[in-house]
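The values are calculated or read from the model by the stated rules, or taken from the named source; none is laboratory data. The structure presented is a predicted model; accordingly, all values stated were derived computationally and were not measured. Cβ: placed from backbone, ideal geometry, glycine included. Neighbour counts: every protein chain shown.
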Amino acid sequence: MDVRRLDLLRELAERGSVTAVAEATGRTPSAVSQQLKVLEREAGMPLTERSGRGVVLTSAGHALARSAADVAIALERATALWDEFRNHPSGEVSLLTFPTVGATLLPAVLTDLAEVAGLVVHATDLDPELAEFADLTSDFDIVLAHTMPGVLPWGGRGLKAVPLLTEPLDIGLPADHRLAGRAHLTPADLVDETWLGVPPGFPFERILHAIEQQAGQRAKVSQRFSDMRIIEAFIEAGLGIAFVPRFTSGTMPDSIVLKPLRGVASARQIVALVRPDVAERLAVRTVLDVLVARASRLEQAHATA
């Protein structure tokens, strides 16, 4: 069987439609369908079947798609082994980050990687809802994701998750706030405050729900933003309080103070998500190694500050 056709079948299993596969691979839907029909003839049994206006995989199609992933891993492993013999992690790596990590961690990572001849990293940013991070690994080699401890929306997807940071989420307050002198804060301290929230479905929302459960009443959320720079500007203006990541938010102005939260778990896990075949590439492994090293240095810098 042709490896390229097997890869199209795997893409169909992951993306769910011929149209989505065509868009992702730069083909027309008819060209994708033709290649899948050829693969069916090679396999000697139906791999897809009609479902409404589209197609879905048969049980044989699902089994072969899983085998296609194994084939892709083996090919990437062989290529990586050859690259190691040459000691040359060359090639292009696409990376998706979310804004706070992109601003604080990624510049140092890319500076380190600039010294690796032949390795080019193409980075961009997006802050999707929690459940969407895993889907983005179909379009990017490395996806930097964040979630609450113990919440793994990409579980069962077969993705490799490389831990980078466990980052506390502090409470950001105006420096003249009535609670600014406290050593730490509790849900009872905060539930009557005006909050600056995140869009529904974003990870921080779960902590606010936990505060509400502990305090026994709903919190007042006046505005919702996904960009921490906007949230910090609103805190500084005295328009509310918010969760602020301790390591990746950069230097806070003197007009904002950060206080640890006690009584509910207030932290997030930051990981790098990679498809298992992509994780075998030496260039990708090189980028991951630098990400891990720089994340460790960022955490240590705050521990000693």
If a residue counts only when it is assigned by TED's automatic domain parsing to the domain that holds Phe140 and under 30 Å from Ser67 (Cα atoms), which strands (runs of 3 or more DSSP E) contained entirely in region 237-305 have at least 1 such residues?
267-274
Can you find, within region 248-264, the residue that is farthest from the chain's Cα centre (by Cα) among those that are more than 17 Å from Gly181 (Cα to Cα) and surrounded by 21 or more Cβ atoms within 10 Å (Cβ to Cβ)?
Ser249
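Of Leu185, Leu179, which residue is surrounded by 18 or more Cβ atoms within 10 Å (Cβ to Cβ), touching a residue at least 12 places away in the same chain (Cβ under 8 Å), farther than 30 Å from Val21 by Cβ and outside the structural domain of Thr100 (by TED's automatic domain parsing)? Write out each step before concluding.
Working: Leu179 fails: surrounded by 18 or more Cβ atoms within 10 Å (Cβ to Cβ).
Result of the check over Leu185, Leu179: Leu185.
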In region 101-146, which residues are under 18 Å from Ile270 (Cα atoms) and β-branched (Val, Ile, Thr)?
Val101, Thr104, Val109, Thr124, Thr137, Ile142, Val143
I'm trying to understand the selection: among the residues of region 35-67, which are surrounded by 12 or more Cβ atoms within 10 Å (Cβ to Cβ), over 32 Å from the mean Cα position of the chain (by Cα) and without any contact (Cβ under 8 Å) to a residue 40 or more places away in the chain?
Lys37, Val38, Leu39, Glu40, Pro46
Looking only at region 265-293, and only at residues there that are of a type in the set (Gly, Ala, Ser) and buried (at least 18 other Cβ atoms within 10 Å of the Cβ), the one that is farthest from His184 (Cα to Cα)
Ala283
Being over 27 Å from the mean Cα position of the chain (by Cα), part of a loop (DSSP other than H, G, I, E, B) and farther than 25 Å from Val271 by Cβ, is that true of even one residue in region 152-174?
no
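Quick one: in region 25-44, of everything that is of a type in the set (Val, Ile, Thr) and assigned to a helix (DSSP H, G or I), which residue is farthest from Leu6 (Cα to Cα)?
First, pick out the residues of region 25-44 that are of a type in the set (Val, Ile, Thr): 25, 28, 32, 38.
Next cut, assigned to a helix (DSSP H, G or I) only: 25, 32, 38.
On the way: Thr25: 13, Val32: 11, Val38: 11 Å.
Taking the candidates together, the pick is Thr25.
What tally of residues in region 191-208 results from selecting those that are outside any loop (DSSP other than H, G, I, E, B) and touching a residue at least 60 places away in the same chain (Cβ under 8 Å)? Reasoning before the result, please.
Initially, region 191-208 is screened for residues outside any loop (DSSP other than H, G, I, E, B), giving 194-197, 204-208.
Now drop any that are not touching a residue at least 60 places away in the same chain (Cβ under 8 Å), which leaves 204.
So the count comes out to 1.
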State which residue is farthest from the chain's Cα centre (by Cα) when the search covers only region 215-233 and only residues that are surrounded by 15 or more Cβ atoms within 10 Å (Cβ to Cβ) and at pLDDT below 90.
Ala215
Kindly list the number of the only condition in (1) charged (D, E, K, R); (2) over 24 Å from Val292 (Cβ atoms); (3) touching a residue at least 12 places away in the same chain (Cβ under 8 Å) that fails for Arg157.
(2)
Determine which single condition Arg297 fails, assuming it passes every other condition in (1) surrounded by 14 or more Cβ atoms within 10 Å (Cβ to Cβ); (2) more than 28 Å from Asp139 (Cα to Cα).
(1)
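If you go through region 45-67 one residue at a time, do you hit one that is in a helix (DSSP H, G or I), among the basic types (Lys, Arg) and at pLDDT 80 or above? First the steps, then the outcome.
Quick first cut of region 45-67, residues in a helix (DSSP H, G or I) only: 59-67.
When the remaining residues are screened for being among the basic types (Lys, Arg), the result is 66.
Narrowing the set further to residues that are at pLDDT 80 or above leaves none.
Within region 45-67, none of the residues are in a helix (DSSP H, G or I), among the basic types (Lys, Arg) and at pLDDT 80 or above.
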Counting only residues that are in contact with a Phe, Trp or Tyr (Cβ under 6 Å, 6 or more places away or on another chain) and assigned to a loop (DSSP other than H, G, I, E, B), how many does region 130-151 have?
0
